[in-house]
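Chemist: Okay, handing you the structure first.
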Amino acid sequence: MFGQPQGLQALLKDGAKQFTGIDEALLKNIEAVRNLSEITRTSLGPNSMQKLIINHIEKHYVTSNAAKMVSELEVMHPAAKLVVGAASMQEQEFGNATNFVVTFAGELLTQAEALCKMGLHTADIIKGFERALATVEETLPGLTCWSLTDLKDTKQVQKAVKPAIAAKQYGLETELSALVAEAVTKVMPSDPKKFDVDNVRVAKINGSSLSNSFVVEGMVVGRPPSGTEQQKLNCKVLVLGCGLEMTGTETKGTVLLHNAEELLNFTKGEENKMEEVIKEIKDTGVEVIVSHGNIAEIAQHFCNKYKILTIKIQSKFELRRICRTLGATALVRLGAPLPEEMGTAESVEVVEMASQKATVLKAKDTKVSTIVLRGASSNALEEVERAIDNAIQTVRAGTKDSKFVPGAGASEIELALVLRKTGVMETGLDQYAVLKFGEALECVPKILAENAGFRATDTVTELYAAHQAGGLKTAGVDVDGGQPFGSSPERDAALKPVAEARSRAGAAVAASDDTASHVICSATLGVVDHMQTKLWAIKLSTDAVLTVLRVDQIIMSKPAGGPKPKEGGPGDDDD
């Protein structure tokens, strides 16, 4: 009787665990999220580090993309999963700022931990964070420094996507942004809100260098046609979700042949049936067949005979894109298609790219453009493709809201200044949480400075001086500061407002020569962030943090299943 469990443990099954209170529940959750954010924080900004990830099927990824990291990491801790879910939602909605969501959540919970240890109740912390979030929602739209007004203007689109690419492929942003701008403007509809990101595709071909990449109008399939036909113009297309071959029986059969004539006639019936099917398809006007499965040799023979171009597609996702591009329906039967099941193509032709042949499909109604990337290795091309995907998502976000705010940590410092003033005016205990929210926003310029090799404290002090005393709301971290790359007209123009801000600030806040070159006018340099993307990143990370702070007890049931199997090794004597 005296050995029976007491309290909540008496209500649960054997093996269940519970953790209660600030020390066991809240601080452990904060530690888990902080450990996750420490993984991603070094991958924030242009000078980011990459992670080598090997997943459960032994596939290797070398990436600085936080969305890829959190999707491949098998995170088990429930509190960390909340932040991973917020980052996944940010990736799904905007395709950018996933690293900011994870990093800011970790920094915000670190500040909340300090408040808990001061003795502040979690209710006051939550109230202060909610008050700070409301202030951010009111302030951020007022920081707009540029708007994407014409989505068919290549220069404007290039300016919008350049910072998104620079964050992942620093040094290549000029070339890649030009490719993205060219591809996007070619497929931009008259109503930009109808822009579809799937209309801009990426094809990767190993070899050569990235500078030899180019844009092709149409959809590129990375293999040539299977038969002798190499080009078709203004043609009807049949898309098959199965193979172009005769189906066999489910059971094995035995055929007894008595003489040579029976052997010659054995496959004649199958050949006649296949020719009948191909001729039936040809009579409907089809000149191109796209097959998801295998194309039998006898079927290919009759396709060549009736001048039908055949393409074999291995990926079901690529087959769906072809159906959407050409307006076709994938059939799972052989035979003549109905008129509404066929697609139409303006041209289907073979193009030789370096030493590799590819097939380009151009549609009449749907405009599609493909960025053909060249590079030395598959890993490098995949990372460039992820950067291009981020850039295209930025364009999609720009079709909904054209406002952009200063980047390079400038918006975060300005928001921190506003929250500092708001916190001072608050009278309750939640003022401490408002001030800590502003301190958490400093993590972006701090990390940018640390990853660039600067002294973070000096850089943040210089930024505050430029913003507060100098009145320059667009002052951000200059990640190239102090580098012997020489000057350029763009950099000189971006440094001029900083010099004017220092002169207005006076000697009391003037920085030393060491830190003077680490601040630059981000708006003049063209380093801008999409306003709605940044706002929702702050919202999602704050929501995840508030959920973690509201947890005061963790109850875990006993894991299902029996004991783990014994690992391989020398056998027992009894075996």
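Chemist: Look at the range 2-57 and say how many of its residues are on the phi > 0 side of the Ramachandran plot and either surrounded by fewer than 13 Cβ atoms within 10 Å (Cβ to Cβ) or at pLDDT 85 or above (or both).
Modeler: Count: 3.
Chemist: Okay, moving on. Taking E439 as the residue in question, decide whether it is within 22 Å of V102 (Cβ to Cβ), of a type outside the set (V, I, T), modelled with pLDDT of 90 or more and surrounded by fewer than 24 Cβ atoms within 10 Å (Cβ to Cβ).
Modeler: Yes: the conditions hold for E439.
Chemist: Could you grab me the full set of residues in the range 114-158 that are touching a helix residue (DSSP H, G or I) at 6+ places or on another chain (Cβ under 8 Å), over 22 Å from S541 (Cβ atoms) and either assigned to a helix (DSSP H, G or I) or free of Cβ contacts under 8 Å to residues at least 12 places away in the same chain (or both)?
Modeler: Once the filter is applied, which keeps residues that are touching a helix residue (DSSP H, G or I) at 6+ places or on another chain (Cβ under 8 Å), over 22 Å from S541 (Cβ atoms) and either assigned to a helix (DSSP H, G or I) or free of Cβ contacts under 8 Å to residues at least 12 places away in the same chain (or both), the range 114-158 yields M118, D150, T154, K155, V157, Q158.
Chemist: Give me the residue from the range 235-271 that is closer than 30 Å to V360 by Cβ and of a type outside the set (A, V, I, L, M) and, out of that set, nearest to the chain's Cα centre (by Cα).
Modeler: G241
Chemist: When only residues in the range 384-410 that are buried (at least 23 other Cβ atoms within 10 Å of the Cβ) and of a type outside the set (A, V, I, L, M, F, W, C) count, which is farthest from F214 (Cα to Cα)?
Modeler: Within the range 384-410, the match that is farthest from F214 (Cα to Cα) is G409.
A quick yes/no check of all residues on (1) crowded, with 20+ Cβ neighbours inside 10 Å; (2) more than 22 Å from the chain's Cα centre (by Cα); (3) not in a loop (DSSP other than H, G, I, E, B):
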{"residue": "K186", "(1), (2), (3)": "no, yes, yes"}
{"residue": "P189", "(1), (2), (3)": "no, yes, no"}
{"residue": "D198", "(1), (2), (3)": "no, no, yes"}
{"residue": "I205", "(1), (2), (3)": "no, no, yes"}
{"residue": "V215", "(1), (2), (3)": "no, no, yes"}
{"residue": "R223", "(1), (2), (3)": "no, yes, no"}
{"residue": "T228", "(1), (2), (3)": "no, yes, no"}
{"residue": "L233", "(1), (2), (3)": "no, yes, yes"}
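Chemist: Here's another thing I want to ask about it. Can you pull out every residue in the range 159-177 that is without any contact (Cβ under 8 Å) to a residue 24 or more places away in the chain, assigned to a helix (DSSP H, G or I) and farther than 21 Å from M531 by Cα?
Modeler: Within the range 159-177, T174 is the sole residue that qualifies.
Chemist: A further question on this structure: Out of (1) within 20 Å of V368 (Cα to Cα); (2) out of contact with any Pro (no Cβ under 9 Å at 6 or more places or on another chain); (3) not charged (D, E, K, R), what's the single condition that is false for A328?
Modeler: (2)
Chemist: A follow-up question, please. Going by what's in this entry, would T139 be described as within 29 Å of E38 (Cβ to Cβ) and surrounded by fewer than 18 Cβ atoms within 10 Å (Cβ to Cβ)?
Modeler: Answer is yes for this residue.
Chemist: Scan E262, E217 and give me the residue that is out of contact with any helix residue (DSSP H, G or I) (no Cβ under 7 Å at 6 or more places or on another chain), at pLDDT below 85 and among the charged types (D, E, K, R).
Modeler: E262
Chemist: Here is a further query. Working only within the range 49-93, note down all residues that are within 26 Å of L549 (Cβ to Cβ), assigned to a loop (DSSP other than H, G, I, E, B) and among the acidic types (D, E).
Modeler: Within the range 49-93, E74 is the sole residue that qualifies.
Chemist: I'd like the full set of residues that are among the aliphatic types (A, V, I, L, M) and either modelled with pLDDT of 85 or more or assigned by TED's automatic domain parsing to the domain that holds V202 (or both), limited to the range 335-357.
Modeler: Scanning the range 335-357 gives A336, L338, M342, A345, V348, V350.
Chemist: Let me ask you something else. Which ones in the range 58-74 are surrounded by fewer than 17 Cβ atoms within 10 Å (Cβ to Cβ) and β-branched (V, I, T)?
Modeler: V62 - this is the single residue of the range 58-74 that is surrounded by fewer than 17 Cβ atoms within 10 Å (Cβ to Cβ) and β-branched (V, I, T).
The values are calculated or read from the model by the stated rules, or taken from the named source; none is laboratory data. Everything numeric in this text was worked out from a predicted model, so none of it was measured. Counting neighbours? That spans all protein chains shown, and the Cβs are built from the backbone with ideal geometry, glycine included.
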